[in-house]
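Everything below concerns the one structure shown next.
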Amino acid sequence: MEGPGLSAPYRPGPDGQFRPYLLLTLIGLKPDQEVEIVGLVDTGADRSVLPIDYAEELGYTVDDLAPVDVSQVEGTASAWVAKKPCEAFVDGLPEIKFKIEPLFVASLNALWGRTDLMMAFTIAVSEKSRELTLQPS
Amino acid sequence: MAAQDQESFRRAQAKLDPKEDLAPYMGKWVALRNGKVVASDLSAKGLRSQPKVRPTDAIIPVPRSRAGYFVA
């Protein structure tokens, strides 16, 4: 892909606020375990964060996860990091695949972070025009 | 980049956009079919076990509030 990149408008969250959400497909530990996940693009997240229920959806078992403590605005929290990566692509751009080792948390928020999505794409966010733009890295 | 690429990208990204207000389901998981909620549950596993949920339905969480900033 050449040129200025592909853009998508902000989408409303359940609270009605528009934010830079992005739809990704994650391919779990077995090839038939494809899960579409809407997450918030978050440059403050070192890595992508998913609700713990997605671990089972993606084929992870307890043995595939390691417990860790994470820091967030509200303080520290318990989380589980995947020992094995799964593959992912941005819906609408299936030709560009990248690895994600998700951090699973006891929350319903999905965040796309820097060490996976943002290694595969340079992402620009325009609050003024309320859209995000992706350019392959 | 062709305008066609831009349009198909936007259509792909809008695939799971709900066609109804999800605020009543905050804190739960919902099954969406054609953008409409067909079932809800406190867990994704519980939702998938409901008879009215089809394997092709989108299963998505509805957070209570805005995400925090993780610095894991």
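The values are calculated or read from the model by the stated rules, or taken from the named source; none is laboratory data. Note that this is a predicted model, so its numbers are computed, not measured. Neighbour counts are summed over all protein chains in view; Cβ atoms, including those assigned to glycine, are modelled from backbone coordinates with ideal geometry.
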Restricting segment A:31-46 to residues that are more than 9 Å from chain B (Cβ to nearest Cβ) and charged (D, E, K, R), the residue that is farthest from the chain's Cα centre (by Cα): A:ASP32
When residues of segment B:22-53 are filtered for being at the interface with chain A (Cβ under 8 Å from one of its Cβ atoms) and either assigned to a helix (DSSP H, G or I) or surrounded by fewer than 15 Cβ atoms within 10 Å (Cβ to Cβ) (or both), how many remain? 5
Can you tell me how many residues within segment A:71-118 are surrounded by fewer than 13 Cβ atoms within 10 Å (Cβ to Cβ) and over 19 Å from A:ALA55 (Cα atoms)? 6
What number of residues within segment A:17-43 are among the small types (Gly, Ala, Ser) and in contact (Cβ under 8 Å) with a residue 60 or more places away in the chain? 1
With the structure loaded, tell me whether B:LYS19 is modelled with pLDDT under 95, in a loop (DSSP other than H, G, I, E, B) and facing chain A (nearest Cβ under 7 Å) or whether it fails that test. no
Hey, any hits in segment A:47-70 for a residue that's within 22 Å of A:TYR10 (Cα to Cα), under 12 Å from the mean Cα position of the chain (by Cα) and surrounded by fewer than 20 Cβ atoms within 10 Å (Cβ to Cβ)? no
Within segment B:36-66, can you find the residues that are modelled with pLDDT under 95 and over 20 Å from A:LEU26 (Cα atoms)? B:ARG64, B:SER65, B:ARG66
